[in-house]
Amino acid sequence: MTEDKTDTRPLAGLRVLDIATFIAAPFCATLLGEFGAEVIKVELPKTGDPVRYFGHRGETGESLIWLSEARNKKSITLNLKSAKGQEILKFLVAKTDVLCENFRPGTLENWGLGPERFKNSNPGLVFTRISGYGQDGPASSWAGHDINYLAMSGFLACTEPREDGGPPIPGATVADSAGGGMHAAMSIMAALVKRDTTGEGRYLDISATEGVLSLMALSIDQYLATGEVAGPRQVLLTGRYAFYDLYPTKDNKWVSVGAIEPKFYANLCNALDLPQYAK
């Protein structure tokens, strides 16, 4: 596509087709839109995207999640199971740089809409699939959401237990957003850079669970080096050392301490009039 000269963002002039639902793949498309890409959101006929009415709703009656992930997107409704809907999708894909989807593995192939369908009409297409556990393997067909991917990756086992002994529920979609969406966006940008020299697109298989594993590199490296299994109070990032932790305050709040470097930890101990702990 011809670059829009009025938009100086790095992805201006590129088109992204978002045919996904819920968090990971739509979040990826949203990120690409933030970098300037034109994003076209494909929704279900009559009802629209199910996330429109999921969870807390804003003044418009639409969910807050939707209002966040649908920003800077154009919208169209298509029945991808129908011949007419598939023809329209094929027309759109022919003029698209990136396609993002997160259907259950095999779903698009069953509809005749797998990556092979578009290879001849758009050889430069970056066909991006984001799923919980990847497109193949024993867990590939499992349904799941963010909390399931965090559990499978071992992330929850590293967090401080609740009062009942169970892992806490994270306050952010770490797996969907960071493990899946952000890793996908980075992979897409790399594929687009390579396409500039080869003219060829890419097929990308992004697993949110594997993405979370990459975020846990310090814990994994410690296990491989020492055999120590990561858990609460067992590794640097889970409170093993005093210089990286959370502490209660007199006003019933909490203060975060991240003084990893020895000089900063010494400064902290001296400021607290506890120089004996600075060693």
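The values are calculated or read from the model by the stated rules, or taken from the named source; none is laboratory data. Treat the numbers as computed from the prediction; the structure is a model and nothing was measured. Here the Cβ is made from the backbone with ideal geometry for all residues, glycine too, and neighbour counts use every protein chain on show. Accessible surface is based on the protein model in full, side chains and every heavy atom, while ligands, DNA and RNA are left aside. Shrake-Rupley method; radii C 1.70, N 1.55, O 1.52, S 1.80 Å.
Side notes on the structure shown:
- Here Pro275 passes the criteria (1) touching a Phe, Trp or Tyr at 6+ places or on another chain (Cβ under 7 Å); (2) over 27 Å from Met152 (Cβ atoms); (3) exposed (fewer than 13 other Cβ atoms within 10 Å of the Cβ) except the one numbered (1).
- Test: residue in the range 135-156 that is closer than 23 Å to Gly239 by Cβ, open to solvent by less than 40 Å² (accessible area, probe 1.4 Å) and out of contact with any helix residue (DSSP H, G or I) (no Cβ under 6 Å at 6 or more places or on another chain): yes
- Only residues that are touching a Phe, Trp or Tyr at 6+ places or on another chain (Cβ under 8 Å) and either over 15 Å from Thr21 (Cβ atoms) or of a type outside the set (Lys, Arg) (or both) were counted across the range 33-52, and they come to 3.
- When the range 76-118 is filtered for residues that are in a helix (DSSP H, G or I), among the small types (Gly, Ala, Ser) and surrounded by fewer than 14 Cβ atoms within 10 Å (Cβ to Cβ), only Ala83 remains.
- Leu31 being surrounded by 13 or more Cβ atoms within 10 Å (Cβ to Cβ), assigned to a strand (DSSP E or B) and in contact (Cβ under 8 Å) with a residue 24 or more places away in the chain: no
- Residues located in the range 133-155, provided they are closer than 23 Å to Ile65 by Cα and free of Cβ contacts under 8 Å to residues at least 40 places away in the same chain: Ala143, Gly144, Ile147, Asn148, Ala151
- Taking the range 1-25 as the range and being under 20 Å from Ala191 (Cα atoms), surrounded by fewer than 16 Cβ atoms within 10 Å (Cβ to Cβ) and modelled with pLDDT of 90 or more as the test, the residues that pass are Arg9, Pro10.
- Residue in the range 202-219 that is acidic (Asp, Glu), at pLDDT 95 or above and over 29 Å from Ser141 (Cβ atoms) present: no
- Among residues of the range 255-279 that are in contact (Cβ under 8 Å) with a residue 24 or more places away in the chain, those with a beta-carbon under 7 Å from a residue that is open to solvent by less than 70 Å² (accessible area, probe 1.4 Å) and assigned to a helix (DSSP H, G or I) at least six positions away or on a different chain give the pairs Tyr277/Cys269.
- Considering the conditions (1) under 13 Å from Gly154 (Cβ atoms); (2) touching a His at 6+ places or on another chain (Cβ under 7 Å), Ile206 is excluded by exactly one of them, (1).
Rundown of residues vs (1) open to solvent by 100 Å² or more (accessible area, probe 1.4 Å); (2) among the β-branched types (Val, Ile, Thr); (3) touching a strand residue (DSSP E or B) at 6+ places or on another chain (Cβ under 8 Å), yes/no style:
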position	(1), (2), (3)
Asp176	no, no, no
Gly181	no, no, yes
Leu204	no, no, yes
Ala208	no, no, yes
Thr249	no, yes, yes
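- Considered as a group, the residues in the range 41-53 that are surrounded by 13 or more Cβ atoms within 10 Å (Cβ to Cβ) and without any contact (Cβ under 8 Å) to a residue 24 or more places away in the chain include one that is farthest from Ala24 (Cα to Cα), and that residue is Tyr53.
- Against the test of being under 25 Å from Cys158 (Cβ atoms), under 25 Å from the mean Cα position of the chain (by Cα), modelled with pLDDT under 95 and open to solvent by 30 Å² or more (accessible area, probe 1.4 Å), the options Leu224, Leu237 yield a single qualifying residue, Leu237.
- Comparison of Ala190, Ala172, Ala230 shows that the only residue that is crowded, with 17+ Cβ neighbours inside 10 Å and not charged (D, E, K, R) is Ala230.
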